[in-house]
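The values are calculated or read from the model by the stated rules, or taken from the named source; none is laboratory data. Computed from a prediction, not measured in an experiment: that's the story for all the values here. Positions of Cβ are backbone-derived with ideal geometry, glycine not excepted, and every protein chain shown enters the neighbour counts.
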Amino acid sequence: MRKPASAIAVHGILGLYTALALFPILLVIMNSFKARNAIFGQPLSLPTPSTFSLIGYNKVFGDSSVVSYYVNSITVTGGTIFLTLLFGAMAAWALTEYKFRWNTLLALYLSIGIMVPIRLGSVSIIQLIVEMNLINTLTALILVYTAQNLPLSIFILSEFVAQIPKDLREAARCDGLSEYSIFFFIVLPLIRPAMATVAVFTMIPVWNDLWFPLLLAPTGGKQTITLGIQQFLGQYITDWNAVLSALSTAIIPVLILYVIFSRQLIRGLTSGAVK
Amino acid sequence: MSEVRIAKLFKSYGNVEILKDINLTVEDGAFVVLVGPSGCGKSTLLRCIAGLEPITSGTMTIGGKQVNDLPPAKREIAMVFQSYALYPHMDVYGNMAFGLKFAKVPKADIDRRVNEAARILQLEPLLKRRPRELSGGQRQRVAIGRAIVRKPQVFLFDEPLSNLDAALRINTRVEIAKLHKMLKATITYVTHDQVEAMTLADKIVVMNKGRIEQTGKPLDLYYRPVNLFVAGFIGSPAMNFLVAAAKKRDTLDLGDGHELAVKLPAACKVGDKVTLGCRPEHMTFGGSGKLKLTGTVDIIERLGESGFAYVRLPSGQTIIAEVRGDPKHGNGDKVDVALDAAQLHFFNSDGMRIE
Amino acid sequence: MASGTETGIVGMSRGTYLRLLAFFLAPAALIYTIFSIYPLIATIFNSLYLRQPDGSYLFSGLSNFYTLLTDTTWSVPFWNAFRNNCYFFLIHMLVQNPIGLALAAMLSLPRLRLRATYRTLIFMPTMLSVVIIGFIWQLILSPLWGIAKMFLQTFSLGFLFAPWLGQESSALLTISLISVWQFVGIPMILIYTALLAIPEELIDAATVDGLNQFQAFVWVKLPLILPTIGLVSILTFVNNFNAFDLIYAMKGALAGPNFSADIMGTLFYRTFFGNQLQLGDPSMGSTVATMMFIIILIGVMTYLFVIQRRMQRYSF
C-alpha cells in the first residue's frame, strides 16, 4: 500500500461492498421502529421522534409464542452444542490417542457426514422420529442436529487433540491419572479454545435452520424462532410494521452474538475447513 | 533398596525389534546414563522402565518388585520429560501437586512436600505462575520439582537439557549433579550428548541399534572401549581409526608407506587385519618421535589455547590431531603427527577390542 | 508375554481397553449412525420400493428411477429442477467465488487499515437465517415498497425496474444473486486465510524479481491458493445442490412462477410432502433424495479423486 491512490481505491471498493452487505439489514432494522406512513414515505431516513413507533414490536411480542420460540431455539441450540462438544471431543480423543484395528476405518466412516448432507435422509428421519414418538419435540431436533454436527466437530477437535504434546499425556499417566481422568482433567481443559470455535460453528446453522423444524416440529408450540418467524411472516404478510419488527427481532440477537464471537468464528472457519 | 533390574528385555513393534536382549542393573543411588545416536532405542528403554511402553518379553524389577504389568503410577518412578510436559492450565504449585492429589496424599502433606521442593529448586517466588510465564530454565526446574515431590524410587530423565541454550545447559547440568548428591537418588538419564553422559554418570550405558554395546564407568569407556562403535562414539572429536596389517610382531603396515613400530597385543597374529585407534588428544601435531605419521595440513581450526588440525595422509584419509598453542604451519604444509604409544587402541576385523 | 502389548497401555487388559474405547466412541458413533447414516441408507432402500394404491410397499428395483427420469409427469419437473440447480450453481461459481476472491485479495493486502472491521461486516449476512434474508430482499424488491425502484431512479435508471422475483424469466437469477450476496463471506474468509498463510518473504522475493503487487498476486499467490479454491468450489457445489431454505422462504414449495425457481431441494420437499397439486409420496421422495445423493457423491468424488489429486499442496 505504498501509493495512496491505490489505497484509496481499495478502501473505496471495500467500503462500497460493506455498504452493500449492511444496507438491507440496516434498512429493515431502521424501518421497524417507524410508523407505517414513514416506512413508505421516507424509507431511507432514520426514525425521528415524529415517525418513531413500536407498534410492530407490540404485535410481535403480543403474540406470546414468540418468547417461547426463543426458548425453544435456545434449548435446541444449547442441547446440540453440549452433546456435539462432549461426544465429539470424546470420539476425537479416542481416535487420536488409541490404537485399534478399525481406527482409520471408523474415522473415515465418521467423516462421511462432513460432505454428505444429512437432509438427504429426511424421509427416513421422519419415519424414525415418528416411531420413537418424538415428533414435535425438541429432543428430536437435538438428536438430529447432533448427528449432523458430530462429523465436522470430531474432525476439527481431532486436529487439536493431536496437537497436545505426547509428553503431556504421558506425564499425566506417570502422575497416576486413569485414561478417563486424562481426558476430563487434561484434554478437555486444553482444547477449550477449539471447543469454543466448534460451539460457534455449530450454533449458527442450527439456530438458522428451517428444514428440520419444518419437518420434525412444525406445530404444537415447539417451533424454533426461525420457523416461528417464517410462520408469523406468512400470517401477517400485509402488516409491514409487524413484518419488519419480526425480522428485526430475529436479526438483532444473532448480530449481537456475532459481534461478540466473530473472532472465534473466523478462527474456526480457518482452522477447520482449510486443512 | 531402590534398584532397577532388567533382564532379557525385548521390545518390538510388529515385526520390528526395537530393543534386543537388554540386561541392565541400575544400582541403588546410582546415576546411570543411557547414551547413543538417535534411534538407538535409549528413549524407548527409558519409556519401558517408566511403564509408558509395554515390553514384549523379559523381566523388570524396581526395588525388588516385578513391575512388568504395572502402570507408570504404580512403579514409584518419576519422569522428567524432554519438553518438560508441564500442564499449561495449572500454576507451578498445581503442576507439582497434581500427581499427589491423584495419589490421595493428605493436603497438608502435599503442601509440605511442594514447598520443600520449591525451596530446594528456588521456585518459591514462582509458585503462582503459569508455565507460559516461565523461562526455559524455570520450566525445567518445575519439571524436576514435580518429580521430587513424588519421592520416587527412581528418577527418569529423558534428554532434559536438550531444549535449553548452551550456557543454561551447563548450569543445569551442574544443578542436576548436585541434586543427585543431595537426594541420594537413583537416576536413569537419557541423552545423546556425551559430555552430559561423561560428566553426570556413575555408569554409562552405550546403546546402538537396540542393543547395549558397553556398560561401564565413564573413564573406562574412554580408555578401554570394547568395540569400534563405543570407541568412535565416546570422545570428541571422534577417535581416529587407521586400517592396518600386522607385518611383524612389532610392526604395523598402514599400506600407504607408513610403518609404525608398535607393540601389538598378544591376541594379534602376524598377517591379521587390525584397526588402530588413537584419539586426537593423544596425537601431537608437529611432534617427533618413533611413532609418527606424515601428511599435509588441510585446515587448522583454532579454538584459542588449543585447536584441531585436519591432516591428510598419503592414503587420502584425513586424521584429526590436537593442536596446542599457535603452530606456524599453514594449509598445505607437510607435517609430522606423533602418536602416544600408551594411548593406542587395537580392534580386530570384527571391530572388537584386542588387548 | 507381558500384558499391554496388544493395547499399547501397560497393565491394561483387552477387556478394559475395549470398555475404554466403547466409553469414548459409542455415544458419537451411535447417534451418528442412527440419525445420519441409517436414514441415508434407509432412504436409498425406500427408493427401491413402489407405493401400492392400498398404501403398502412393494419391492420394485430401479423402477422408481426409471419413472423419475422418463415418465413426463416426473421427468419434466425433475429435469427442470436439475437444470435450474445447475444454473444456481453456475451463478455462484461465476459471481460469488470471484467476488470472494477479489475481496480476500484486498483484505490480505499488507498494512491495510480497518481490515478486521471490513472482514466482520462483510461476513455479517452469512450469519443470518436464509429465511430472514429471503424476506428482507422480498421487501426491498417489492414494487409496493419501491426501495429498489427508488435506487435505480437516483441513477436515472428507473425504467430498468421490474418485479424481478415475480417474473418467470428473472426469478431464479434474482434468487441466485441474493444467495450470492448472503454467502460471499464464506469464500472470502477461506481464501483470505489461505492468503495470509503465504509467507511475506515470497512476495518480497517476487518484488525483487520485478513483479508489481498485482502480478505477484496472479503469479505467486494464486497458484498457491488453488487447493483452497478447489475446496471452496466443492463446498459451493454441495451447498447448492442441497439448498432449499431460501427458495422455500421466498417462493414457497411451488417455487413459482411456474416452477421457474424450482431446484432439487424444493422438488424433494414437494414430492415427499405433497402440495396443492399432488399427494405426498415417500417412495418417490426417497428416489429424488437418492438422486440428489448421487449427484452430490459424483461431485465430491470428482473433487477428491480428480481435482484434489492434481493439485499440489505446499507447506510453508
Point to revise | Subset of region B:126-170 (residues that are within 19 Å of A:Asp167 (Cβ to Cβ) and in contact with an Asp or Glu (Cβ under 6 Å, 6 or more places away or on another chain)) | key: B:Arg130, B:Pro152
Point to revise | Enumerated helices (runs of 4 or more DSSP H) restricted to region B:188-294, each holding at least 1 residues that are among the polar types (S, T, N, Q) and modelled with pLDDT of 90 or more | key: B:194-200
Practice item. Tell me, please, whether a residue that is of a type in the set (Lys, Arg), over 30 Å from A:Pro193 (Cβ atoms) and over 20 Å from the mean Cα position of the chain (by Cα) can be found in region B:34-49. Key: no
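Could you tell me which residue of region A:40-54 is surrounded by the most Cβ atoms within 10 Å (Cβ to Cβ), considering only residues that are among the hydrophobic types (A, V, I, L, M, F, W, C), in a loop (DSSP other than H, G, I, E, B) and modelled with pLDDT of 80 or more?
If we filter region A:40-54 for residues that are among the hydrophobic types (A, V, I, L, M, F, W, C), which is where we start, we get A:40, A:44, A:46, A:52, A:54.
Now restrict to residues that are in a loop (DSSP other than H, G, I, E, B): A:44, A:46, A:54.
Narrowing the set further to residues that are modelled with pLDDT of 80 or more leaves A:46, A:54.
Numbers: A:Leu46: 12, A:Leu54: 15.
If we take residues in region A:40-54 being among the hydrophobic types (A, V, I, L, M, F, W, C), in a loop (DSSP other than H, G, I, E, B) and modelled with pLDDT of 80 or more, then A:Leu54 is surrounded by the most Cβ atoms within 10 Å (Cβ to Cβ).
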Exercise for review: May I ask you to verify whether C:Gln167 is in contact with a Pro (Cβ under 8 Å, 6 or more places away or on another chain), buried (at least 22 other Cβ atoms within 10 Å of the Cβ), farther than 18 Å from C:Pro110 by Cβ and touching a residue at least 40 places away in the same chain (Cβ under 8 Å)?
Suggested key: no
Check your understanding: Within region C:267-306, which residues are in contact with a Phe, Trp or Tyr (Cβ under 9 Å, 6 or more places away or on another chain), within 12 Å of C:Val238 (Cβ to Cβ) and not hydroxyl-bearing (Ser, Thr, Tyr)?
Key -> C:Met292, C:Ile295, C:Ile296, C:Gly299, C:Val300
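Condition check ((1) assigned to a helix (DSSP H, G or I); (2) touching a Gly at 6+ places or on another chain (Cβ under 9 Å); (3) more than 10 Å from chain A (Cβ to nearest Cβ); (4) over 16 Å from C:Asn84 (Cα atoms)) across all residues:
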position	(1), (2), (3), (4)
C:Ser260	no, no, yes, no
C:Gly265	yes, no, no, no
C:Phe268	yes, yes, no, no
C:Ser283	yes, no, no, yes
C:Met291	yes, no, no, no
C:Leu304	yes, no, no, yes
Practice item. Evaluate the following for C:Arg313: is it of a type in the set (Lys, Arg), closer than 30 Å to C:Ile191 by Cα, touching a helix residue (DSSP H, G or I) at 6+ places or on another chain (Cβ under 9 Å) and at pLDDT below 90? Key: yes
Practice item. Any chance you could count how many residues in region A:114-143 are among the aliphatic types (A, V, I, L, M), assigned to a helix (DSSP H, G or I) and more than 7 Å from chain C (Cβ to nearest Cβ)? Key: 8
**Study point:** Candidates A:Pro165, A:Pro193, filtered to the one that is within 27 Å of the chain's Cα centre (by Cα) and not hydroxyl-bearing (Ser, Thr, Tyr)
**Key:** A:Pro193
Check your understanding: Which of the residues belonging to region C:11-55 are within 30 Å of A:Val187 (Cβ to Cβ), touching a helix residue (DSSP H, G or I) at 6+ places or on another chain (Cβ under 7 Å) and either polar (S, T, N, Q) or outside any helix (DSSP H, G or I) (or both)?
Key -> C:Ser36
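Mind counting the residues in region B:302-312 that are modelled with pLDDT under 90 and either closer than 18 Å to B:Cys278 by Cα or in a strand (DSSP E or B) (or both)?
3
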Practice item. Give the residue that is modelled with the lowest pLDDT, with candidates limited to residues of region A:240-264 that are over 19 Å from A:Thr224 (Cα atoms) and more than 9 Å from every other protein chain (Cβ to nearest Cβ). Key: A:Gln264
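Which one of B:Leu134, B:Leu86 is more than 10 Å from chain A (Cβ to nearest Cβ), crowded, with 18+ Cβ neighbours inside 10 Å and more than 25 Å from B:Glu213 (Cα to Cα)?
That would be B:Leu134, the only listed residue that is more than 10 Å from chain A (Cβ to nearest Cβ), crowded, with 18+ Cβ neighbours inside 10 Å and more than 25 Å from B:Glu213 (Cα to Cα).
To keep it simple, each residue is scored yes or no on (1) within 14 Å of chain A (Cβ to nearest Cβ); (2) closer than 27 Å to C:Leu226 by Cβ.
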position	(1), (2)
C:Tyr66	no, no
C:Leu69	no, no
C:Phe78	no, no
C:Leu94	no, yes
C:Ala104	yes, yes
C:Leu109	yes, yes
C:Phe123	yes, yes
